[in-house]
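Have a look at the structure below before the remarks.
The values are calculated or read from the model by the stated rules, or taken from the named source; none is laboratory data. Everything numeric in this text was worked out from a predicted model, so none of it was measured. Positions of Cβ are backbone-derived with ideal geometry, glycine not excepted, and every protein chain shown enters the neighbour counts. Protein only, heavy atoms only, side chains kept; ligands, DNA and RNA dropped before computing areas. Shrake-Rupley method; radii C 1.70, N 1.55, O 1.52, S 1.80 Å.
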Amino acid sequence: MTSSIIIPPSTSTVDVSIIDTTSTIHFPTSIFVAPEINGVKSQTAKSYAFLIEHKPTGRRLVFDLGVRKDYQNLAKPIYDSLIGSGVFTLDVQKNVADILTENGVELDTIDAIIWSHTHFDHVGDPSTFPSSTSLIVGPGVPASVLPAYPINPSGELLDSDFSGRPLVEIQRAQFDTTIGGYKAHDFFHDGSFYLLDVPGHSIGHMCGLARTISDGKDTFILMGADTVHHAGQLRPSHGVPLPEQIAPSPYGGSIACPGEIFEAIHPAPEKYRTSPFYRINVDENGRSVANDPVEAEHSVDHMKEFDALDNVLVAFAHDSCLEGVVETFPLKANGWKAAGWKELSRWRFLSDWKVEASH
Ligand SMILES: [Zn+2]
């Protein structure tokens, strides 16, 4: 299968670090995906963010911030419905601002915070950044979230998330090119970093596409945000079929794991090698955590195509496959391909299901 994804050529790159925001989130799997597989009802995930540095201009961006450390101070409607109610259980050690400063990044060198979207596990606490750091959001976000809490008693974000700093809304017209089915905005106008309009999960949901190497065999990191919540929504696929022997084994150890042991737990056993395990959960009334579940599933389909490219590392915010494989900030992620992160992480999600090994 040849890919239809054409990324415009460029000699420009950005330096990318994957930030472990120290947020750990425990939640019922069915909030996001269906069907239930092998009795697994909950999952635990981190919330990855990214530091992006554009050397020619010296501009630095952070893409997402994880959960704010003092999450009990989230807007009351969100705290009460999602955390106080016990639906989400959180553990947060640090704000991203602390992680940056502890590692020698002065906060006044951060040009902007980009929010992939406005859910509590991504917005962090922008008030921990100086007022010179602007806040960049996707199309339609200001109209949907402002005014914020407590001015608006039902607001899902805090007034302090916005106050005293420039708010920049990427306009629809700025997504003026197309990459792999997504509309794209060339952020630095040199092909080093694109914001992608990835609709469906929430209003103004954006991903990032960073060129990590440009030597003719270019590599990219796709910051997938919440397009998917489990790697089993992306894999297996026609482009990334489940191999007969999975190495390294998702269960660890040196013995390869036979792919056929997953046939029995796959919701569509007749196509267990080429069809993902999960889809976005939509209840019988058509309700879903996704703002537009049909569009969101289209966005997942496009991401599968990126996932099938060996020069693109798809890293979504809650990708537990990455844990223990990737090197995080202050280290850089640009060398991910030579380090083999994609192959090492690809099938790790299968260990979420304790399947009786057939050997
Ligand atoms: Zn999220």
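Here are the numbers:
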quantity	calculated
Selected residue (criterion: farthest from the ligand (Cβ to nearest atom)) from residues of the range 107-126 that are part of a strand (DSSP E or B) and over 13 Å from the mean Cα position of the chain (by Cα)	Asp111
Hits in the range 31-57 (condition: without any contact (Cβ under 8 Å) to a residue 60 or more places away in the chain, assigned to a strand (DSSP E or B) and either within 15 Å of the ligand (Cβ to nearest atom) or touching a Pro at 6+ places or on another chain (Cβ under 8 Å) (or both))	Ser42
Extreme residue, nearest to Gln93 (Cα to Cα), among residues of the range 31-70 that are among the β-branched types (Val, Ile, Thr) and open to solvent by less than 10 Å² (accessible area, probe 1.4 Å)	Val67
Unique residue being over 19 Å from the mean Cα position of the chain (by Cα), open to solvent by less than 30 Å² (accessible area, probe 1.4 Å), at negative phi and at pLDDT 95 or above when the list is Leu74, Leu82	Leu74
Selection status of Ser351, of a type in the set (Gly, Ala, Ser), assigned to a helix (DSSP H, G or I) and under 22 Å from Ser254 (Cα atoms)	yes
Matching residues in the range 90-106 - criterion: being farther than 15 Å from Thr22 by Cβ and either within 14 Å of the ligand (Cβ to nearest atom) or touching a residue at least 40 places away in the same chain (Cβ under 8 Å) (or both)	Gly104, Val105
Residues satisfying the stated conditions in the range 1-30, i.e. outside any strand (DSSP E or B), within 16 Å of the ligand (Cβ to nearest atom) and open to solvent by less than 40 Å² (accessible area, probe 1.4 Å)	Thr29
Selection within the range 270-301 - part of a helix (DSSP H, G or I) and either open to solvent by less than 50 Å² (accessible area, probe 1.4 Å) or on the phi > 0 side of the Ramachandran plot (or both)	Pro293, Ala296, Ser299, Val300
Conditions (1) in a helix (DSSP H, G or I); (2) among the charged types (D, E, K, R); (3) touching a residue at least 40 places away in the same chain (Cβ under 8 Å); (4) crowded, with 19+ Cβ neighbours inside 10 Å: number failed by Asp161	(3)
Of the criteria (1) within 27 Å of Ala264 (Cα to Cα); (2) more than 16 Å from the ligand (Cβ to nearest atom); (3) surrounded by fewer than 21 Cβ atoms within 10 Å (Cβ to Cβ), which one Ser345 fails	(3)
